[in-house]
1. Filter the stretch 74-98 down to residues that are buried (at least 17 other Cβ atoms within 10 Å of the Cβ) and within 19 Å of ASN146 (Cα to Cα) and give me whichever is nearest to the chain's Cα centre (by Cα).
2. I need the full set of residues from the stretch 24-44 which are in contact with a strand residue (DSSP E or B) (Cβ under 7 Å, 6 or more places away or on another chain), open to solvent by 60 Å² or more (accessible area, probe 1.4 Å) and over 20 Å from PRO80 (Cβ atoms), in order please.
3. What number of residues in the stretch 411-457 are free of Cβ contacts under 8 Å to residues at least 24 places away in the same chain and either assigned to a helix (DSSP H, G or I) or among the small types (Gly, Ala, Ser) (or both)?
4. Quick one: in the stretch 45-61, which of the residues that are over 19 Å from ARG11 (Cβ atoms) and not aromatic (Phe, Trp, Tyr) is least open to solvent (accessible area, probe 1.4 Å)?
5. Would you be able to tell me the number of residues in the stretch 125-157 that are within 19 Å of GLN172 (Cα to Cα) and part of a loop (DSSP other than H, G, I, E, B)?
6. Here is a check on your reading of the model: is LYS306 in contact (Cβ under 8 Å) with a residue 24 or more places away in the chain, touching a strand residue (DSSP E or B) at 6+ places or on another chain (Cβ under 8 Å) and open to solvent by 20 Å² or more (accessible area, probe 1.4 Å)?
7. Looking only at residues in the stretch 52-67 that are within 29 Å of the chain's Cα centre (by Cα) and not in a loop (DSSP other than H, G, I, E, B), which one is nearest to ALA86 (Cα to Cα)?
8. For the stretch 333-403, please list each of the strands (runs of 3 or more DSSP E) lying entirely inside it that holds at least 1 residues being buried (at least 24 other Cβ atoms within 10 Å of the Cβ).
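The values are calculated or read from the model by the stated rules, or taken from the named source; none is laboratory data. Only a predicted model underlies this, so the values are computations on that prediction, with no experimental measurement involved. Virtual Cβ from ideal backbone geometry, glycine too; neighbours counted across all protein chains shown. In case anyone asks, the SASA skips ligands and DNA or RNA and just uses the protein heavy atoms, side chains included. Shrake-Rupley method; radii C 1.70, N 1.55, O 1.52, S 1.80 Å.
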Amino acid sequence: MPNPCELRDKRVLVVGLARTGVATALFCAARGSIVTATDTRTEKEFSETLAPLHAAGIKIELGIHRENTFLEQDLIIPSPGVPADAPVLQAARAKGVTIWSEIELAGRFLRGRLIGITGSNGKTTTTSLIEHILRSAGFPTILAGNIGTPMISCVEQSADQTITVAELSSFQLELIESFRPNISVFLNLTPDHLDRHRALESYGRAKARIFENQTEADFAVLNADDPAATPYAPSKPQVCWFSRKQRVAQGAFVRESEIIFRQAGNESAVLKLSDIPLAGAHNLENVLAAVAATRLAGADAAAIAKGVRSFAGVEHRLEFVAEIASVRYYNDSKATNVDATLKALDSFPGRILILLGGKDKGSDYTVLQKPLRDKAILALLIGAAADKIETQIAESVAIERAGTIERAVEIASHAARPGDVVLLAPACASFDQFQNYEHRGRVFKDLVHQLERQAASTTSGRG
């Protein structure tokens, strides 16, 4: 149930004016708060973003974060990209100022049930799949969170019957207070964002806060096959497991060629593995997690099977782009860490030309050596992390320093032979050369479609 706070006449500071920050500032202003919004970017770096903020009477400070502004507030809402331990936030915290993430604020006003999904990899696919299954089964749903639409933007459309399905990042979860999903899903834990969290343990603790306020009436879904995640199993909510390797006491697992759901000692077949349209063992895990979550939410086995079969996948996640001269091109721009790239490599039998690189997040790329040796024929390096990656994967695969994604696609198109796979799975963030991973993925797809048009033109010219 919502635990709303009184926002009228409260001094609220929103830090960061990307999509979430703008939505949060407007939400608070509409409820009578005295809102200030701050961003280190200058006014000329914004386009139409500022107009609605000005219209709502929001004070805007750009170019610098002024400490005095932080100290004068009742509530501060930093955007997910702002580190929780930033000096200005530490100073405000020391003075007793309340600091929440946007999901904490949204959770206090959101009506209906909430399913929250976190983990290092597979969040977006699993979140999208859960929402798709429930919507296909006739439940009124909202898709929200780190997947694109801030939760705060969904408050008005929520109702008592609504199920909000939200992707949640560690950055969002580390600044919660009473935030409570009815069903929480912790998919896996692998090294990521260590440039911010510094240690895997800190990253894991931030993720595990998803369970913190759950009660005995709630459910927690965890990966029984992931030894890094299993220690975070909570004590209060009812724990439900998913596994592709073993039978579980309660949850979803694989038996022979079927997914089985077990609860209170009763087992039922949900769907055949051959019905899953997504490639890769990691996507089987995502489906198992979705089966568990949707079954707990009240969907029956037939509806879940129908939803899985009709799921088209998610853009930028092992997304097939085109086949040109018998070479297949795949966009996995969402592979922003090493583990996601390992999973992408594991999805193909071999003969891979892989695009790696971008903004390093403190990752260890040496673990890519064996799969690159086994599966890849060429690594095309782009972006700021190219030096580090080249050093750490040296001698495992042929390496070409492409620099840009445009050059990498051009080189790959000449080097690839029929039957090969050209795979964008960068193992890095995108912010050195792109706005975000979606931008990177769209640029890759545009380049591949240009090649496709050129190939079609050449073929028709010969005809």
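1. PRO80
2. Correct list: ILE34, GLU43.
3. 9
4. Residue satisfying both the conditions and the ranking: LEU50.
5. Residues that pass the stated criteria total 6.
6. No: the conditions fail for LYS306.
7. Result: LEU62.
8. Details: elements: 352-357, 376-382, 399-403.
Counting at least 1 such residues, we get 352-357, 376-382.
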